[in-house]
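Read the structure below first, then the notes.
The values are calculated or read from the model by the stated rules, or taken from the named source; none is laboratory data. Being a predicted model, the structure only gives us computed values, none of them experimental. Backbone-built Cβ (ideal geometry, glycine too); neighbour counts: all protein chains shown. Keep in mind that these areas ignore ligands, DNA and RNA; they rest on the heavy atoms of the full protein, side chains included. Shrake-Rupley method; radii C 1.70, N 1.55, O 1.52, S 1.80 Å.
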Amino acid sequence: MSITKYFKGSVFHTPTDGVLEYLEDVLICVDAEGMIERVVTTEQSDYPEMLAVAKQGTLVELQKGQYFLPGFVDLHVHAPQWPQAGVALDEPLNVWLDECTFPLEAKYADASFASEVYQDLVAQLLARGTTTVLYFATVHLEASLQLAKICAEKGQRGLVGKVVMDDFDANPDFYRDASTATALAETETFIKEVQKLAKTTHQGVYPVVTPRFVPSCTDEGLAGLGQLAQKYDVHIQSHCSEGQWEHDHVLERFGKTDTEVLRDFGLLGEKAVMAHCNFIDEKDGEIFVETGTAVAHCPISNAYFANGVIPIKRLKEQGVTIGLGTDISGGFSPSLYDNIKQAVMSSRMLEDGVDVTLPQTNRGVANARISVIDAFSLATKGGGEALRLPIGLIKEGYACDLQVIDTCYSGNPLPAFGVLNQPKEQLQKILYLATAENIRQVWVQGKKVHEK
Ligand code: GUN
Ligand code: FE
């Protein structure tokens, strides 16, 4: 396919996990589908010629102090919870769900309310550089379809699930599926409708099989969802071993771990992403590796609801695929920048330990910390790998999903002063200090979806 658009500027990305690659002043060549056909570096012999061609065509050229980052991939968002971001976070998870979250999610029976919230949320996420999102919607078929349509219209790559909560004993009467059969039938309708909608988009929207979590579903519901995921070869998402209560509850109900239960119902696999996974042990980690299931690490949310810190470094070394999620609104922030920072901080606290009355030698977990570049990899490359999509790197064969960061923007200039301005330092400053103000443009698969 021929090149239809060019982007010229300096790039930060991590083709190897945790290892920064900085490419100065490259020319990104993009085809009509919005895929990157070539990244031409200044050392390549045809750079001057390619640049001359680009200047005759459609060229987006960055200014000094501006950089390209890959669009971020958010692996865990509860779209209906956006109106309560920051609210009631001092309650434990089960109280927060029963008293705050379920009454709010029940309101999405009203599709016009859903539309109003989802329009705003998708725009807010794009404005923070998030180009691909794995969403939980609600139990409502119509409102869940609305979310997929809004992603399609606004140009975001949305993977959307109609949530299943079919256990009458576990869920409130005012918010659950009408029956297990209805939950499965509506999930199937949802899959077909979203697959139809996908044909009208160029960046893609995807249906996702979405049991809320094991405690809210019947055995028949879970088994039926596993079969649907297999029949349509679609993505799967749920929560897995998030907090002590969930982990213990599933162990008690089945006599096996959340991970084993999900696997046995056919709900793990190469297109499965499980949120949190704070309590998975090495044996569970092995199941994640064997099945190709990914973890959505949600560090801000985990600080409130997890009852512990996930050993990301250990899981990564075990070979588990990991990306980042905001978990709106268990996590209050719609920004993966904020979650990158928290992922680093939580890992440091895990390594050092938190109880100063204990001797330093047995206060923490050795070798647990991750760097901010590791966390940047999770938000980009890790997310792409989790979803099995060619996203998260600025590289040939990948979708052209870009954020344009302006470090000199007058609304929030990042500290420069002629010192500490090497590429790695520049990226560290961006990851720690940039706000939505600094994100001047966002592109999804070669189309501009946000400009400030
Ligand atoms: N477990 C089941 N539902 C939820 C939810 O909405 N948020 C979080 N953080 N955990 C859950
Ligand atoms: Fe969640």
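To the nearest 0.05, what FRET efficiency results for residue 421 and residue 90 with a Förster distance of 41 Å applied to their C-beta separation?
On the way: r = 41 Å, r/R0 = 1.00.
After rounding, the FRET efficiency stands at 0.50.
Split the accessible area of the chain by element, probe 1.4 Å, and carbon with sulfur accounts for 50%. Relative contact order, whole percent, for the chain stands at 19, derived from Cα pairs under 8 Å and 6 or more residues apart. Based on the reciprocal of the average 1/r between different C-alpha atoms, the Kirkwood radius for region 64-110 equals 13.2 Å. Under 5 Å from the amide H of residue 326 lie the amide H atoms of 75, 76, each residue being 5 or more positions distant or on a separate chain, with H modelled from the backbone and absent for Pro and chain starts. Residue-wise HN-Hα couplings along region 181-187, as the Karplus relation 6.51 cos²θ - 1.76 cosθ + 1.60 with θ = phi - 60° gives them from phi, are 4, 5, 4, 6, 5, 5, 4 Hz; Gly and Pro carry x.
How many Å² of accessible area per residue for the chain, probe 1.4 Å?
39
Within the full protein context, the accessible area of residue 110 is estimated at about 80 Å² for a probe radius of 1.4 Å. Filter the cross-link list 256/316; 231/271; 196/395; 64/154 down to pairs whose alpha-carbon distance in this structure exceeds 20 Å. 256/316; 196/395; 64/154, as the Cα separations exceed 20 Å there.
Our note on the geometry: Cα centres of region 272-296 and region 1-32, 31 Å apart. In order along region 60-73, the Karplus-derived 3J(HN,Hα) couplings, from 6.51 cos²θ - 1.76 cosθ + 1.60 at θ = phi - 60°, round to 9, 10, 7, 8, 4, x, 9, 9, 9, 10, x, x, 7, 10 Hz, and Gly and Pro are given as x.
Using Cα pairs closer than 8 Å and at least 6 residues apart in sequence, work out the relative contact order for region 325-452, in percent.
So the answer I get is 19 percent.
Residues in region 221-227 carry Karplus couplings, in order, of x, 5, 5, x, 5, x, 5 Hz; the curve used is 6.51 cos²θ - 1.76 cosθ + 1.60 with θ = phi - 60°, and Gly or Pro positions show x. Measuring from centroid to centroid over Cα atoms, what is the spacing of region 109-165 and region 47-93 in Å? After rounding, the separation between the Cα centres reads 17 Å.
Remark: region 185-332 is approximated by an ellipsoid whose semi-axes, taken from the C-alpha gyration tensor as √(5λ), come to 25, 18, 15 Å, largest first.
Distances over 42 Å make up what percent of all Cα-Cα pairs in the chain?
Values: 14034 of 101926 pairs.
Counting every Cα pair in the chain, those more than 42 Å apart make up 14 percent.
When restricted to Cα atoms, region 263-319 yields an Rg and a Dmax of 11.2, 30 Å, respectively. The gain in end-to-end length when the residue 362 to residue 244 segment is fully stretched comes to 40.3 nm, 0.36 nm per residue minus the alpha carbon separation.
Report, as a whole number in µm² per second, the diffusion coefficient that Stokes-Einstein gives for region 25-111 at 10 °C and 1.306 mPa s using the Kirkwood radius over alpha carbon pairs.
Working: Rh = 17.8 Å.
Value of D from the Cα-based Kirkwood radius: 89 µm²/s.
Can you work out the base-10 log of I(q)/I(0) for region 209-272 at q = 0.28 1/Å, using the Debye formula on its C-alpha atoms alone? Relative scattering, expressed as log10 I(q)/I(0), comes to -1.26. For the set 169, 284, 374, the ranking by accessible area, highest first and with no ligand, DNA or RNA atoms included, is 169, 374, 284 under a 1.4 Å probe.
Placing +1 on the Cβ of every Lys and Arg and -1 on the Cβ of every Asp and Glu, with nothing else charged, gives the chain a dipole about its Cα centre of roughly 1440 debye.
Stretching residue 251 away from residue 233 to a fully extended chain increases their span by 3.6 nm, per 0.36 nm per residue minus the current alpha-carbon distance. Over all other residues within a Cβ to Cβ distance under 14 Å of residue 328, the charged ones net out to -4, with Lys and Arg as +1 and Asp and Glu as -1. At an R0 of 41 angstrom, the distance between the Cβ atoms of residue 196 and residue 355 translates into a FRET efficiency of 0.15.
For residue 254, the accessible area of its heavy atoms, probed at 1.4 Å with every protein chain present, is near 50 square angstrom. Ranking of 90, 355 by solvent-accessible surface, largest first: 90, 355 (1.4 Å probe, protein heavy atoms only, all chains present).
Rolling a 1.4 Å probe over the protein chains gives residue 290 an accessible area of about 130 Å². Radius of gyration over Kirkwood radius for region 300-415, both on Cα atoms: the Rg/Rh ratio is 1.03.
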